[in-house]
Amino acid sequence: RAKAFGKGQLALYNESLQEEATQRLNLENALSEALSRDQFELYYQPIVQVSAGRAQVVGVEALLRWWQGERLVPPDQFIPVLEESGEIVAVGEWVLRQACTQVHQWHQQGLAGLRCSVNLSSRQLQEPGFAERVALILKETALPAASLVLEITESLLMRDGPETLATLRELESMGVRIALDDFGTGFSSLGYLHRYPLHIIKVDKSFITKAPTDERLKAISRAIIGLGRGLDMDVIAEGIETLEQMDFLHNEGCQFVQGYWFSRPQSALAIHPVLQRLSATEELEEGEQEAVQ
Ligand code: C2E
Ligand code: MG
Ligand code: MG
Ligand code: MG
């Protein structure tokens, strides 16, 4: 067909653009039905406290998944689309309610005090009455406010409206904790740490991955950990995959870690035994990874 146009390249180019647009439209259509068709699922990944060579789970991060038929779609492929359309507000509320319900259930099953971390998009925080919605969900699900952690990013704070600070303060006064996610990857302004009520810093996995072998990344990770501790914030290192990384972070005084080394994110059903195992204080040994696989 390209030949018929006599401008092979251009026709092919147009065709692929067309195809891309069609695919995008299909994705948007399928996504807009996903909530009502019950195609979303939350996976959970443990957040672990490490001290004196012992590991204990303190919380879980809820991570959204989309079942498009048999295909499990990762969030990077559809959250931007939901953000653009504004549907993230409804989906985000579903995530919050679902995660709070699940963690409350785990509390009742013996995992008392387990914290529930939920990622937020900027659209959600800018929604009028967001803090009240959160209060309502906590009441409905009976999850204590102190068990909820909301994760935001630097880019969200960069694009914030005037309401963001007020909303974050309101959440803080309810007892909800705020975590700054992916720290160091955005336009890290240290001013944010001062201006906003933030309780937790999450060191981005891009630093952690190479930190044990790269002197510069080592220095950066060390500085972020020191900053957090100096500001009396909890520091969580993301993306721990090896014992070497664990050792490095432990030596640097980072108390909290999250990563494949302890567990990949898994369905509520699959993660429950992992949480139970990690809630009895465990000694860190070589067998660890196998044990929690
Ligand atoms: P995030 O909040 O920084 O979540 C951590 C990501 O790192 C997750 O990717 C997790 O699976 C991955 N991860 C954890 N441990 C390791 C590790 O040891 N190695 C490696 N390579 N990766 C690890 P995931 O689940 O694909 O989520 C990607 C991002 O999507 C999240 O990054 C978050 O920004 C966003 N997201 C996920 N769920 C939601 C949600 O419900 N709402 C919103 N607004 N965003 C979400
Ligand atoms: Mg997160
Ligand atoms: Mg992160
Ligand atoms: Mg991220």
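Only one of the numbered conditions (1) surrounded by 18 or more Cβ atoms within 10 Å (Cβ to Cβ); (2) modelled with pLDDT of 95 or more is not met by PRO273, and that is (1). Taken together, SER206, SER189 contain a single residue that is out of contact with any Asp or Glu (no Cβ under 6 Å at 6 or more places or on another chain), of a type outside the set (A, V, I, L, M), in contact (Cβ under 8 Å) with a residue 24 or more places away in the chain and closer than 18 Å to ILE240 by Cα, which is SER206.
Within the range 23-43, the set of residues being at pLDDT 90 or above, in a helix (DSSP H, G or I) and surrounded by fewer than 13 Cβ atoms within 10 Å (Cβ to Cβ) comprises ASN29, GLU33. Of the residues making up the range 28-73, just one is closer than 17 Å to ILE236 by Cβ and of a type in the set (Phe, Trp, Tyr), namely TYR44. Residues that are within 16 Å of ligand 3 (Cβ to nearest atom) and within 17 Å of ASP160 (Cα to Cα) were ranked within the range 188-225; the one that is surrounded by the most Cβ atoms within 10 Å (Cβ to Cβ) is LEU198. Once the range 44-68 is narrowed to residues that are of a type in the set (Gly, Ala, Ser) and part of a strand (DSSP E or B), the residue that is nearest to the chain's Cα centre (by Cα) is ALA62. The set of residues in the range 65-91 being open to solvent by less than 20 Å² (accessible area, probe 1.4 Å) and in contact (Cβ under 8 Å) with a residue 40 or more places away in the chain consists of PHE78, VAL81, LEU82, VAL91. Here the range 226-243 is the region considered, the condition is being within 13 Å of ligand 1 (Cβ to nearest atom) and open to solvent by 10 Å² or more (accessible area, probe 1.4 Å), and the residue that is modelled with the lowest pLDDT is LEU243.
When the range 108-130 is filtered for residues that are touching a Ser or Thr at 6+ places or on another chain (Cβ under 7 Å), within 16 Å of ligand 2 (Cβ to nearest atom) and within 29 Å of LEU278 (Cβ to Cβ), the ones remaining, listed by number, are ARG115, CYS116.
Being touching a residue at least 60 places away in the same chain (Cβ under 8 Å) and within 13 Å of ligand 3 (Cβ to nearest atom) is a condition met by at least one residue of the range 228-246. Contact annotation: residue pairs with Cβ atoms under 7 Å, 6 or more positions apart or on different chains, pairing a residue in the range 158-183 that is within 16 Å of ligand 3 (Cβ to nearest atom) and at pLDDT 95 or above with a partner that is small (Gly, Ala, Ser) and open to solvent by less than 20 Å² (accessible area, probe 1.4 Å), are ALA179/SER117.
For the range 145-153, indicate whether the set of residues that are more than 26 Å from LEU25 (Cβ to Cβ) and surrounded by fewer than 18 Cβ atoms within 10 Å (Cβ to Cβ) is non-empty. Within the range 145-153, one or more residues are more than 26 Å from LEU25 (Cβ to Cβ) and surrounded by fewer than 18 Cβ atoms within 10 Å (Cβ to Cβ). Among the residues making up the range 176-215, those that are assigned to a loop (DSSP other than H, G, I, E, B) and out of contact with any strand residue (DSSP E or B) (no Cβ under 7 Å at 6 or more places or on another chain) are THR185, PHE187, SER188, SER189, TYR196, ALA211, PRO212, THR213, ASP214.
The values are calculated or read from the model by the stated rules, or taken from the named source; none is laboratory data. Predicted model, so just to flag it, every value in this text is computed and none were measured. Counting neighbours? That spans all protein chains shown, and the Cβs are built from the backbone with ideal geometry, glycine included. Accessible surface areas use protein heavy atoms only, side chains included; no ligands, DNA or RNA. Shrake-Rupley method; radii C 1.70, N 1.55, O 1.52, S 1.80 Å.
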